[in-house]
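Heads up: the structure comes next, in structure tokens.
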Amino acid sequence: MQSLGDQRYRGSCRSSSKGELEDLGDIGDSGEYNVYSTFQSHEPDFDYLKSLEIEEKINKIRWLPQQNAAHFLLSTNDKTIKLWKVSERDKRPEGYNLKDEEGRLKDISTVTSLQVPVLKPTDLMVEVRPRRVFSNGHTYHVNSISVNSDGETYLSADDLRINLWNLGITDRSFNIVDIKPANMEELTEVITSAEFHPHHCHMLVYSSSKGTLRLCDMRASALCDQHSKLFEEPEDPGSRSFFSEIISSVSDVKFSHNGRYLLTRDYLTAKVWDLNMDKGPVETYQVHEYLRSKLCSLYENDCIFDKFECVWNSSDSVIMTGAYNSFFRMLDRETGRGVTLEAWRESSKPRAVLRTRRVYTGGKRRRGDVGVDSLDFTKKILHMAWHPSENIIAIAATNNLYIFQDRVSPDAHTQ
């Protein structure tokens, strides 16, 4: 899993299944990124009440807006959310009057004169410290965290509830959405993703396993069980099948940077919704429609339950989402056209150009086309991020993190 940062992070923070975080430093002359810092975010734990092991695996990472020289980020596993401070030091004080160079106290009788301590340049040291630990807020596995535009609060969501936290208070949170029925046998859907509006701190959206989106306004009620708007696409009865509900489940939802649109991803499609039009999506993009005939085998190997993320570019004109065989899709909203690209080791060489790929589904076969039956479903791109202001993308493919930069502006730097 990875998320975008800024400045020294060059838009990436990588996490491993072992709960470790790696910050990637500045790009060098060779076009390669170096590891900036690595630290352990979570440790394995055990829920004694439920007799369940809690994995250290990180589910989500979110950066906080930068307020000073230090960076802050939130990371979460299934149960515990942590706030981290990442700072650096490249100077050290020297010339203490009462301490020697190794920090040991001097004998006062040996001090014959006073001097002013000075700061001397030293090798860069990166310090990562946990500032807050937010625990005991969720009964079920946390699937989303989102920082509010007010800079003081954030939300966390699990399958049935969404909680609102203050960044400075760890021992309590406020439950703002609760869809748990009195009788669990009546449960028909779960929360799959949630996010705050980028500009209005009182608005949030959450998606469900039924393919619906609910826009909530915290000004109307402290408990947002009654949504302000419901976004859903009418189902065609003629195309309904055993897999319909599974493939319509929304795995990710993202507000556009201007706050007007919503981007969602289900198993086969990416959709754009206008906040002012709740009758259906204004744009629908096929990601890998060629898999519709393979749903039975994808159900048997559990790939049909994979949760793909989706992201906007900085101008909201292009969207990106992942697929199988180390493929990912870029979709141009102006032209409605999409391109399939491949993240593989050869393309990770400095200044290498990404090559376009095509999945053969019939008709005339071109050289280099990949057949549907040849797709490797173990090489899936679930997580990705787009730099908030430049054409730099981060792609997580199996155990690799690829960072690609627009060749039109190869010398661009983050702000």
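The values are calculated or read from the model by the stated rules, or taken from the named source; none is laboratory data. Keep in mind the model is a prediction, meaning the values are calculated, not measured. So basically every Cβ, Gly included, is an ideal-geometry build from the backbone, and we count neighbours across all protein chains shown. For the accessible areas, the whole protein counts, side chains as well, though only heavy atoms, and no ligand, DNA or RNA atoms are used. Shrake-Rupley method; radii C 1.70, N 1.55, O 1.52, S 1.80 Å.
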- Stretched out fully, how many nm does the piece from residue 335 to residue 366 gain, at 0.36 nm a residue minus the Cα gap? 8.8 nm
- Task: Would you look at the GNM of the chain, springs on alpha carbons closer than 10 Å, and say which of 66, 115, 40 moves the most?
- Result: 115
- Task: Can you send over the carbon and sulfur percentage of the accessible area for region 289-398, probe radius 1.4 Å, protein chains only?
- Result: 47 percent
- Task: Calculate the spin-label point distance for residue 139 paired with residue 223, positioning each point 7 Å from the Cα along the beta-carbon direction, and give it in nanometres.
- Result: 1.3 nm
- Note on the structure: Probe 1.4 Å, heavy atoms of protein chains only: per residue, the accessible area of region 36-113 in Å² is 64 Å²
- Query: Could you name the aspartates and glutamates in cross-link range of residue 279, using Cα to Cα under 15 Å and dropping any fewer than eight places away on the same chain?
  - Reply: 232, 233, 235, 236
- Separation of region 321-374 and region 260-283 by C-alpha centroid, Å? 23 Å
- Query: Using a cut-off of 26 Å between alpha-carbon atoms, which lysines can reach residue 60, once sequence neighbours fewer than 8 places away in the same chain are excluded?
  - Reply: 18, 50, 79, 82, 85, 180, 210, 254, 271, 307, 379, 380
- Gaussian network model of the chain, Cα within-10 Å springs - most flexible of 169, 403, 191: 169
- Item | Length released on extending from residue 297 to residue 183, taking residue separation times 0.36 nm less the Cα-Cα span | 37.7 nm
- When the chain is modelled as a GNM with alpha-carbon springs shorter than 10 Å, which of 301, 313, 77 fluctuates the most? 301
- Could you tell me the accessible area of residue 358 in Å² (1.4 Å probe, neighbours in place), rounded to the nearest ten? 80 Å²
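Whole number in Å², please: accessible area per residue of region 170-227, 1.4 Å probe, ligands, DNA and RNA not counted.
Each residue of region 170-227 exposes 52 Å² on average to a 1.4 Å probe.
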- Message: Just to verify a number: FRET efficiency for residue 169 and residue 66, C-beta to C-beta distance, R0 = 30 Å, to 0.05?
- Response: 0.85
- At most 13 other Cβ atoms within 10 Å plus a DSSP loop assignment makes a site exposed; report the longest stretch of the chain without any exposed chymotrypsin sites (Phe, Trp or Tyr not before Pro). 243-415
- Message: Taking the full set of protein chains and a 1.4 angstrom probe, give the accessible area of residue 310 in square angstrom, rounded to the nearest 10.
- Response: 0 Å²
- Note on the structure: The extension gain from residue 106 to residue 126, computed as 0.36 nm times the residue separation minus the Cα-Cα distance, is 4.3 nm
- Message: For 214, 355, 367, 129, give me the order by solvent-accessible area with a 1.4 Å probe, most accessible first, ignoring ligands, DNA and RNA.
- Response: 367, 129, 355, 214
- Note on the structure: Per-residue ellipticity at 222 nm attributable to helices in the chain (runs of n ≥ 4 DSSP H, -39500 (n - 2.57) apiece, nearest 500 deg cm²/dmol) works out to -500 deg cm²/dmol
- Query: Mind checking the dipole of the chain: about its Cα centre, +1 per Lys or Arg Cβ, -1 per Asp or Glu Cβ, Debye to the nearest 20?
  - Reply: 880 debye
- Message: Below 18 Å, Cα to Cα, which aspartates and glutamates can residue 57 reach? Residues fewer than 8 away in the same chain don't count.
- Response: 20, 22, 23, 43, 45, 47, 78, 158, 159, 306, 309
